[in-house]
Ligand SMILES: Nc1ncnc2c1ncn2[C@@H]1O[C@H](COP(=O)(O)OP(=O)(O)O)[C@@H](O)[C@H]1O
Ligand SMILES: [Mg+2]
């Protein structure tokens, strides 16, 4: 698979897969690699490792895009002919920004932000993190400043969480849970009813929390914005289904991440989302073959230890080779992109350049 060719006419590249396989590192590398090929690229990373963020100069930045200094890659032979911008997504803050956009006035905005229910909701609504990533993506896409947007995805427990997020949040907002609170009138709170209000007033007496007041205030303010959410969810959905988007599945050759990728591949198919290819990271191959020529001066004991280690590496290499083969078969792709397990974490420009060399080989 030729990554540069695949991404050449794409506007959006989503990197999906289970946590810990190197999604964030890969997303960054893809973005840098395409910027080196002359594109104006923006990458949205989610919760990058601190050392990685530091070395890209991202430490103090939040949801706002920042241009990465192209010079940091030069010592390692990578010339950036395009442009690279990056943001670290902070899901909580993006949710706040969303409220700001839809709130009819500043007072309402502040009231919602202060609201206890909102605080709970913005942190806890299932999928809100995923939703916020999508939200930012849509915002940047509509700005139209970039040739390519690369989206890292949150470490979902389940790949489905990510794909369904926009619709799920919209459904939640339009759905029964809210309707119940909103009916019959804005401050109606039918749910409270007789026994309900008894419960609420008991709660208030015991805890001092006026839940009912919080609830009615919250839903009264929130209701007006619900249509904005679901309309945007639909737009994200259409955008991701289009031919200008592509999904790359990131995994390792280990069983669980590979199974997740296979599962995700099926989901993409079911949901008619465009699958671009797979990247298998942290592959241990039989890289040690070249080293088999041992130094004659090694003591017998040392030689035995070296050989033992060599055999173990070979075994791991074979296991990963089988993992890669199984993936290719199950995903129905002729060749996945393979990135080796490097001897160290990838936390700086040099490591990234090594990964880019493999990705775009
Ligand atoms: N090919 C690789 N070789 C060695 N370490 C890697 C490789 N790819 C990623 N890593 C390291 O693995 C860790 C997890 O990577 P990260 O990109 O944060 O994963 P994810 O976003 O999938 O959770 C990081 O410390 C990263 O530097
Ligand atoms: Mg990550």
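The values are calculated or read from the model by the stated rules, or taken from the named source; none is laboratory data. The structure displayed is predicted, hence computed values, not measured ones. Here the Cβ positions follow ideal geometry from the backbone for every residue, glycine too, while neighbour counts run over all protein chains shown.
Of all residues in segment 53-78, how many are in contact with a strand residue (DSSP E or B) (Cβ under 8 Å, 6 or more places away or on another chain) and within 16 Å of ligand 1 (Cβ to nearest atom)?
Adding up the residues that qualify gives 3.
Would you check if there is a residue in segment 3-18 being over 12 Å from the mean Cα position of the chain (by Cα), more than 10 Å from ligand 2 (Cβ to nearest atom), within 21 Å of residue 351 (Cα to Cα) and modelled with pLDDT of 95 or more?
If we filter segment 3-18 for residues that are over 12 Å from the mean Cα position of the chain (by Cα), which is where we start, we get 3-12.
Those left that are additionally more than 10 Å from ligand 2 (Cβ to nearest atom): 3-12.
With the extra rule that they be within 21 Å of residue 351 (Cα to Cα), the set shrinks to 3-4.
Next cut, modelled with pLDDT of 95 or more only: 3-4.
Checked against the condition, which is being over 12 Å from the mean Cα position of the chain (by Cα), more than 10 Å from ligand 2 (Cβ to nearest atom), within 21 Å of residue 351 (Cα to Cα) and modelled with pLDDT of 95 or more, segment 3-18 yields at least one hit.
Test residue 68 against the stated conditions and say whether it is over 24 Å from residue 283 (Cα atoms), more than 14 Å from ligand 2 (Cβ to nearest atom) and under 21 Å from the mean Cα position of the chain (by Cα).
yes
Given the conditions (1) more than 17 Å from residue 353 (Cβ to Cβ); (2) within 16 Å of ligand 2 (Cβ to nearest atom), and given that residue 42 satisfies all but one, which numbered condition is not satisfied?
Unmet condition: (2).
Considering every residue within segment 22-34, establish whether at least one is crowded, with 20+ Cβ neighbours inside 10 Å, away from ligand 1 (no atom under 16 Å from the Cβ), outside any helix (DSSP H, G or I) and at pLDDT 95 or above.
Within segment 22-34, not a single residue is crowded, with 20+ Cβ neighbours inside 10 Å, away from ligand 1 (no atom under 16 Å from the Cβ), outside any helix (DSSP H, G or I) and at pLDDT 95 or above.
Just a yes or no: is a residue in segment 62-80 at pLDDT below 90 and assigned to a helix (DSSP H, G or I)?
Within segment 62-80 (the criterion being at pLDDT below 90 and assigned to a helix (DSSP H, G or I)), the answer is no, since none of the residues qualifies.
So residue 5 fits all but one of (1) out of contact with any helix residue (DSSP H, G or I) (no Cβ under 8 Å at 6 or more places or on another chain); (2) closer than 19 Å to residue 331 by Cβ; (3) surrounded by 24 or more Cβ atoms within 10 Å (Cβ to Cβ); what number is the exception?
So the condition that residue 5 fails would be (3).
Residue 339: under 14 Å from residue 278 (Cα atoms) and within 16 Å of ligand 2 (Cβ to nearest atom), yes or no?
Judged against the criteria, residue 339 is a match.
When you check residue 343 against the structure, is it at pLDDT 85 or above, in a helix (DSSP H, G or I) and closer than 26 Å to residue 24 by Cβ, yes or no?
Considered against the rule, which asks whether it is at pLDDT 85 or above, in a helix (DSSP H, G or I) and closer than 26 Å to residue 24 by Cβ, residue 343 comes out as no.
Mind listing just one residue for me: the one in segment 35-47 that is over 20 Å from residue 268 (Cβ atoms) and in contact with a strand residue (DSSP E or B) (Cβ under 6 Å, 6 or more places away or on another chain) and, of those, surrounded by the most Cβ atoms within 10 Å (Cβ to Cβ)? Lay out the reasoning, then the answer.
Quick first cut of segment 35-47, residues over 20 Å from residue 268 (Cβ atoms) only: 35-43, 45, 47.
After this cut, where a residue has to be in contact with a strand residue (DSSP E or B) (Cβ under 6 Å, 6 or more places away or on another chain) as well, the list is 35, 39-43, 45.
On the way: 35: 26, 39: 21, 40: 14, 41: 27, 42: 26, 43: 30, 45: 25.
Going through the qualifying residues, I end up with 43.
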